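Below is one structure, written out as structure tokens; comments come after it.
The values are calculated or read from the model by the stated rules, or taken from the named source; none is laboratory data. Source: prediction; values computed, not measured. Note that each Cβ is placed from the backbone with ideal geometry, even for glycine, and that neighbours are counted across all protein chains shown. Surface areas here come from the heavy atoms of the whole protein model, side chains and all, with no ligands, DNA or RNA. Shrake-Rupley method; radii C 1.70, N 1.55, O 1.52, S 1.80 Å.
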Amino acid sequence: MTAITIEKVVRVFIAGITFIIIGLLVSIFSIMFIKGFPAFHDDFLFAESKDFGRAGGVFYQSAGTLILMTTAVLLSLPVALGSVLFQTEYLASGKFKTLLTQLTYLLNATPTILFGLVGYLFFGVYLDTGVSWVTGSMILAVMILPTLQVSLREAVEALPQKYREAGMALGLSRSSQIRRVILPQCFYGIVTGVLLGLARAAGETAAIMFTATTFSGIQFPQSFSDPVPTLQTHILILAQEAAHPESIAQAWGSGLVLLGLVFILTLMAWLIRTRVVMESEL
Amino acid sequence: MIQFKNFTAAFGEREVLKSMTCNLTGNSITAIIGVSGSGKTTLLRVLCRMNDRIENFHIKGNILIGGKDIFRPDNNVYSLRRKVGMIFQKPCVFPISIFDNVVFGVREVTKIPKKDYPDLAEKVLREVFLWEEVKDRLNEKATTLSQGQQQRLTLARTLAVGPDVLLMDEPTSSLDPESTAAIEKLVISLKNRHTILWVTHQHDQAHSIADRVLVLKEGQVVDLPAPIERQENPSSLEDVLYNS
């Protein structure tokens with residue numbers, strides 16, 4: 001077989017794999033849209049769910065999901081950013097940096113149910129926060145920490161060295177350097193990381209299912225010890241009611257809302273990241 | 001006055017500057033030439049301790065600026081960098097306004113009152129012959145300036161924090177002849193108040209602007225023969241540059 005033939009075969013093989021991946025994505029989106037769209041009516045997004053989820057909308061479930069996601073990111077962001085700045089700006093040892101990076105990846109690969117279990121035992125039982133949105137937010141915060149840390153580190157490390165050196169050459173201390181050079185220049189990268197963290201938090205189900213959420217009985221949490229309804233729990237409970245076609249339709253509709261939420265966050269992150277790349281090439 | 005005393009700088013096992021001993025006179029321009037990889041940039045960077053954070057970088061010996069050892073543990077590295085400013089090969093302006101670029105360092109490292117910033121900005125922009133070109137567009141982004149203007153702006157930003165020593169690492173290598181001439185004229189005008197070290201690959205430029213030209217070879221510096229001596233003995237330049 002000549003080199004040109006091998007190259008053609010490899011090209012066809014790679015193109016085939018690419019089309020399979022795109023096909024999978026398109027199939028998921030299509031199925032979600034076809035199955036979920038009929039559930040959308042005038043105020044599906046803004047109405048309260050009725051009749052144990054078989055009718056009405058998903059307003060409080062969407063709000064609960066947003067509350068958990070946002071609180072988790074607010075709790076996780078300072079820790080992730082602090083560890084990134086320590087790793088990139090203060091830590092001199094390359095070996096220790098590599099070790100921290102590998103540990104972060106390891107944390108990222110940990111099954112999410114373990115986060116839920118350990119998180120519930122620590123926050124829910126030991127700190128006595130019970131089954132509540134606070135417990136769920138804290139578990140989610142720990143869970144998205146590695147995703148957030150990796151995204152933020154990539155953003156900070158992508159900052160051209162010339163900016164750091166320009167700041168150093170002017171006599172800026174490390175804290176001034178972080179405040180005046182690193183954070184402003186990495187702003188869009190940090191926003192991208194936060195959006196990816198939010199998307200990851202929106203996609204997590206297992207860990208919050210039994211630690212933070214409820215299917216019915218609560219609209220907005222009235223105290224720190226209340227659980228919240230979320231889209232994930234809503235979908236799971238409704239999907240189990242196979243005997244009721246209305247429930248299944250509502251579950252598809254809720255799934256489409258959740259997918260849309262993750263899609264919008266990812267799209268925004270991608271758009272902002274594109275801008276960061278364009279700016280760094282100036 | 002800058003004094004290198006038996007100074008060695010190394011990356012791991014590779015010594016870039018080897019037991020270098022040399023005195024550089026204050027308020028003068030010293031040009032440093034040498035082949036690529038000879039350690040010219042390292043020589044500049046050690047003077048403002050820019051290599052401190054490189055993991056396998058280490059030094060031996062001393063460098064004294066104004067009689068003070070810059071590597072003494074009690075020496076404040078941030079104060080040192082304010083006194084020893086560095087201009088890089090490619091101008092690096094921040095994507096903020098021209099005015100904010102000029103006072104970028106001032107805001108953090110000096111105690112000059114904010115109301116005096118406009119006067120300071122005008123003073124240093126005049127010093128670098130940029131005031132007339134930018135006085136009506138101080139609020140525009142600095143990235144809209146030409147490369148030559150950006151390089152003069154980085155020099156103005158450095159001058160604003162009040163350095164005694166200016167380290168210039170091939171500052172004209174990315175500029176057109178007109179901008180190069182402007183920077184050369186500017187640097188000559190600054191030598192009465194600053195000690196200037198200028199790294200260049202262009203021998204003619206080195207001789208036209210510098211009071212002294214040093215060649216960096218095998219980790220050591222040697223004085224380049226004066227132009228008149230080179231005319232009398234043309235092989236002397238090659239001897240210094242390339243022969244061991």
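Please state the shape class of chain A: rounded when a/c is under 1.5, otherwise prolate if a/b exceeds b/c and oblate if not, all from the C-alpha gyration tensor.
In terms of gyration-tensor shape, oblate.
Let me know the whole percent of all Cα-Cα pairs from the stretch A:95-244 that are separated by more than 19 Å.
So the portion of pairs separated by more than 19 Å is 64 percent.
Using a 1.4 angstrom probe on protein heavy atoms only, which residues from the stretch B:28-77 are buried by at least 20 Å² of accessible area when all chains are present rather than their own chain alone?
Buried by the other chains: B:ARG45, B:MET50, B:ARG53, B:GLU55.
Would you give the gap between the C-alpha center of the stretch A:203-235 and the C-alpha center of the stretch B:103-163, rounded to a whole Å?
So the separation of the two Cα centres works out to 55 Å.
Please give the charge dipole size of the stretch A:89-163, origin at the Cα centre, charges +1 on K and R Cβ atoms and -1 on D and E Cβ atoms. Round to the nearest 20 debye.
Computed about the Cα centre, the dipole is about 240 debye.
Starting with the highest mean, order B:75-87, A:56-68, B:12-24, B:153-165 by the number of other Cβ atoms within 10 Å, averaged over the residues of each peptide.
Output ranking for B:75-87, A:56-68, B:12-24, B:153-165: B:153-165, A:56-68, B:75-87, B:12-24.
At what distance in nm do the modelled label points of B:ASP204 and A:THR18 sit from each other, each positioned 7 Å from its Cα along Cα→Cβ?
The two pseudo-label positions are separated by 5.1 nm.
Treat each spin label as a single point 7 Å out from the Cα along the C-beta direction, and report the A:LEU91 to B:LYS185 distance in nm.
Between A:LEU91 and B:LYS185, the simple spin-label model gives 5.1 nm.
Spin-label point model (7 Å from Cα, Cβ direction): what's the A:PHE224 to B:ASN76 distance in nm?
Once both label points are built, they end up 4.2 nm from each other.
In terms of Cα to Cα distance under 16 Å, which aspartates and glutamates are near enough to B:LYS114, apart from those fewer than 8 places away along the same chain?
Output for B:LYS114: B:ASP100, B:GLU122.
For the protein assembly as shown, with the dipole built from +1 on Lys and Arg beta-carbon atoms and -1 on Asp and Glu ones, taken about the Cα centre, which of A:LEU195, A:THR18, B:SER79 lies farthest toward the positive end?
Checking the options against the dipole of the protein assembly as shown, the answer is B:SER79.
Between A and B, buried accessible area summed over both sides at probe 1.4 Å, in Å² to the nearest 100?
Answer for the A-B pair: about 2100 Å² buried.
Leaving ligands, DNA and RNA out of it, report the carbon-plus-sulfur percent of the accessible area of the protein assembly as shown at a 1.4 Å probe.
Roughly 62 percent of what the probe reaches on the protein assembly as shown is carbon or sulfur.
Take the Cα pairs of the stretch A:28-142, get the Kirkwood Rh, then feed it into Stokes-Einstein at 37 °C and 0.692 mPa s and tell me D in µm²/s.
Using the Kirkwood radius from Cα pairs, D works out to 188 µm²/s.
Between B:ILE59 and B:VAL222, what length comes free when the chain is fully extended (0.36 nm per residue of separation minus the Cα-Cα distance, one decimal in nm)?
56.6 nm
Please give the average number of partner chain Cβ atoms lying within 10 Å of the Cβ of each residue in B:88-94, rounded to a whole number.
Average neighbour count from other chains, rounded to a whole number: 4.
Could you tell me the relative contact order of the stretch A:42-280? Use alpha-carbon pairs under 8 Å, at least six residues apart, and round to a whole percent.
27 percent
Give a quick list of GluC sites (Glu not before Pro) in the stretch B:105-142 that DSSP marks as loop, anything other than H, G, I, E or B, with at most 14 other Cβ atoms within 10 Å.
Answer in residue order: B:GLU140.
Could you give the length gained by full extension between A:LEU117 and A:LEU99, i.e. 0.36 nm per residue of separation minus their alpha carbon distance, to one decimal place?
Here the segment from A:LEU117 to A:LEU99 would lengthen by 3.9 nm.
Between the stretch A:106-136 and the stretch A:19-42, how many Å separate their Cα centres?
The stretch A:106-136 and the stretch A:19-42 have Cα centres separated by 32 Å.
Select from B:ASN27, B:ASN192, B:ASN56 the residue whose mean-square fluctuation is largest in a Gaussian network model of chain B (Cα-Cα springs shorter than 10 Å).
Greatest mean-square fluctuation among the candidates belongs to B:ASN56.
If you take all C-alpha pairs in the stretch B:2-242, what percent of them are over 33 Å apart?
Of the Cα pairs, 20 percent sit more than 33 Å apart.
Excluding residues fewer than 8 places away in the same chain, name every one of the lysines whose C-alpha is closer than 25 Å to that of B:LYS185.
Qualifying lysines at Cα under 25 Å: B:LYS40, B:LYS83, B:LYS90, B:LYS123, B:LYS135.
Starting from the Cα of A:SER27, move 7 Å in the Cα-to-Cβ direction to define the label point; list residues of the stretch A:190-210 whose amide nitrogen is under 19 Å from there.
none
Dividing the Cα convex hull volume of the protein assembly as shown by residue count, how many Å³ per residue is that?
244 Å³
Note the angle between two axes, namely the Cα long axis of helix A:3-36 and the longest principal axis of the Cα atoms of chain A, as a number of degrees from 0 to 90, rounded to the nearest 10.
40 degrees
Taking 0.36 nm per residue of separation and subtracting the Cα-Cα distance, what length does fully extending A:ALA3 through A:ASP43 add?
Additional length available on full extension: 8.4 nm.
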